[in-house]
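Working notes for the structure below.
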Amino acid sequence: MRLLFLCIALLPGWALGSSPGDMPQRVVSMNLCTDQLAMLVADEGQLASVSALARDPRSSAMADRAATFPINHGRAEEIHLLKPDLVIAGRFSATTTVSMLRRLGVPVAVFEPATSLADVRNNLLRMGQVLGQPERAQRLVAAFDGRLAMLSGPPLDPPEAALYFPNGYTRGEGTLIGDIVKAAGFDNVASDYGVNAGGHLPLEQLVMAAPELVITGSRHDGYSRSETIMRHPVLAQAARSGTHRGLINREWVCGTPRVLAAIERISTLRGQLIGAQ
Amino acid sequence: MKRLLASLILLTGGLFALSLVVGPAAIGPIASFQALLTDTQTPLSLVMQEIRLPRAILAVIVGASLGLSGAAMQGYLRNPLAEPGLLGISGSAALGAVLAIQLGLASAFPLGLPLAALAGALLGVFLITLLAGSRGGSLSLILAGIAISALASAMVSLVLNLSPNPFATSEIVFWMMGSLADRSMEHVWLALPFVLLGGVLLATLSRPLDAMTLGEDAAEALGMRLSRVRRQLIIGTALVVGASTAVAGTIGFVGLVVPHLLRPLVGAMPGRLLGASALGGAAMVLLADILVRVILPEADLKLGVLTAFIGAPLFLHLIYQTRRELA
């Protein structure tokens, strides 16, 4: 919420921006994460379309904003019909579509998914470059850094937390959510098991690690067997301080300044833990 | 016969104990059993009591269900190719379970899941007995099975693909191949009553099945009511297969391999084969579940992969044997 005010506070600055000659005028983004970065950085009217996923409030932190843009489904044909002068895609979003668009002569900027808080900064700056809005990107980065410094937990004696997701997957320090948890002042159990990126952590090993806290994501729509592991009775007893289920997916799946909300949420938990001790 | 049952009990018991000490967390066997039996809230006892114990118990329940129902169906249909997995009964039970999960029935009330799987299995057995008939040859039986399995697995895929949940699609593998990873005591309590009830229904078929080896007319002359036998078989099979599939997915070939291996040892009497096959099935699923943890401890290898490695060659061998009848 605070971040929303921040964005609004930045609005007057949008009138500035660099000369219109060298900046793309019809930009299409086809990846949930680049959608959000582009919506933050682009000028009014510069962004022609965002991906359909950007309107899904469970995954997208900017679903309301996305509702004001036409959507695409990442298919080469529909994107070509939009006549973009720049397409922005994520590294893993439909590589065949990207090569098709390039064959059709559409310039495509491919963004790497953020795997750390530093990547949030880098991707924002790069988005500023490709959209021709470097000043706005720099202002966003400065605001992000300021808020991050305020939120980051002091590294003294960090309690241990385990990230646990459907199908028994955990995330280590080499991931965005891992970095978020670290910034919020927790040690990650995954590193004890040599998991740096994402990996399967058997429930047994999670229990044996006896973390202070287990943190899981929010539930998706519909039902799945994969998510029933989050309801395994042993999870209630595995961690001394229980299992926290309040992590909201849209706040951390993408490397946008919105990850600050996740850091704030988790460092509040840390405060509660220390307060309880 | 007594010696066979005793050695099967010993084998199952040994594999049960082995299943309890195998797992990704390296714990010594003595420490494991101590933690299993003492009620301390240590991580070790949690692992033993809440993770490994339900897994081993479920392997026994599921394996016994599949072995028993396979032996009963082979006895009733007098066909060595009959088996709940191959005939699409597990598949239609899986469809029932998937529908229960996706429609929210399973989370609305706990018994929704096994009951829906039971309904699916019931439909599957009913269709099989209808299409193949009790006098039907191997060919019509297998073809009916192929049709029902194909339809059920296509429906499972369709339902999971339609789900708004991003994980649902990846679960097609679980429903096709089966797994016991990360199950809890809740699943044991969900499946056990149904399996016990169905097990009793199937076990009491022992005498009628023996009588039926003499032919249907002879069995009727001996005082067996064939329609009642048939009803009991259908309901019993649906109960055990439905409940097992609801918690463990579709595990193929157990009901085919186990009765086949044990048949010569019981003097080819279908009645005696029932108990032996239940124990043998439990041992086979326990073994498969130990092997998936030893071969690929990280990857949640599916049980059906292992049972198919053993079962599919045997199935081909059986078809080779009965091909004159099939031709």
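A few notes on this one:
- Listed by position, the strands (runs of 3 or more DSSP E) inside the stretch A:120-201 whose residues that are within 14 Å of another protein chain (Cβ to nearest Cβ) number at least 3 are A:198-200.
- Looking across the stretch B:12-68, the residues that are away from chain A (no Cβ under 14 Å) and over 30 Å from B:L274 (Cβ atoms) come down to B:P29, B:I30, B:F33, B:Q34, B:L37, B:T38.
- Among the candidates A:E212, A:E227, A:E204, residue that is in contact (Cβ under 8 Å) with a residue 60 or more places away in the chain, facing chain B (nearest Cβ under 9 Å) and charged (D, E, K, R): A:E227
- Being under 22 Å from the mean Cα position of the chain (by Cα) and in a helix (DSSP H, G or I) is a property that A:R245 lacks.
- Residue among B:I234, B:I310 that is in contact with a Phe, Trp or Tyr (Cβ under 8 Å, 6 or more places away or on another chain), modelled with pLDDT under 95 and under 16 Å from B:G75 (Cα atoms): B:I234
- Residue match in the stretch A:89-104 (condition: in a helix (DSSP H, G or I), at pLDDT 90 or above and in contact with a Phe, Trp or Tyr (Cβ under 9 Å, 6 or more places away or on another chain)): no
- No other residue among A:V189, A:V234, A:V207 is over 30 Å from A:M39 (Cα atoms), outside the structural domain of A:M62 (by TED's automatic domain parsing) and surrounded by fewer than 24 Cβ atoms within 10 Å (Cβ to Cβ) apart from A:V234.
- Helices (runs of 4 or more DSSP H) contained in the stretch B:243-327 and holding at least 2 residues among the aromatic types (F, W, Y): B:303-321
- Failed criterion for B:V294 (all others in (1) of a type outside the set (K, R); (2) within 16 Å of B:L15 (Cα to Cα); (3) modelled with pLDDT under 95; (4) in contact with a helix residue (DSSP H, G or I) (Cβ under 8 Å, 6 or more places away or on another chain) hold): (4)
- Boolean, B:P193 is exposed (fewer than 15 other Cβ atoms within 10 Å of the Cβ) and either touching a Phe, Trp or Tyr at 6+ places or on another chain (Cβ under 9 Å) or more than 14 Å from every other protein chain (Cβ to nearest Cβ) (or both): yes
- In the set (1) farther than 21 Å from B:L105 by Cβ; (2) outside any helix (DSSP H, G or I), the condition left unmet by B:N165 is number (1).
- Residue in the stretch B:144-156 that is within 14 Å of chain A (Cβ to nearest Cβ), surrounded by fewer than 22 Cβ atoms within 10 Å (Cβ to Cβ) and modelled with pLDDT of 90 or more present: no
- Helices (runs of 4 or more DSSP H) contained entirely in the stretch B:45-142, each with at least 3 residues that are buried (at least 24 other Cβ atoms within 10 Å of the Cβ) and not charged (D, E, K, R): B:53-77, B:89-102, B:112-132
- All conditions but one from (1) in a helix (DSSP H, G or I); (2) among the aliphatic types (A, V, I, L, M); (3) within 14 Å of another protein chain (Cβ to nearest Cβ) apply to B:L180; the one that does not is (1).
The values are calculated or read from the model by the stated rules, or taken from the named source; none is laboratory data. The structure presented is a predicted model; accordingly, all values stated were derived computationally and were not measured. Note that each Cβ is placed from the backbone with ideal geometry, even for glycine, and that neighbours are counted across all protein chains shown.
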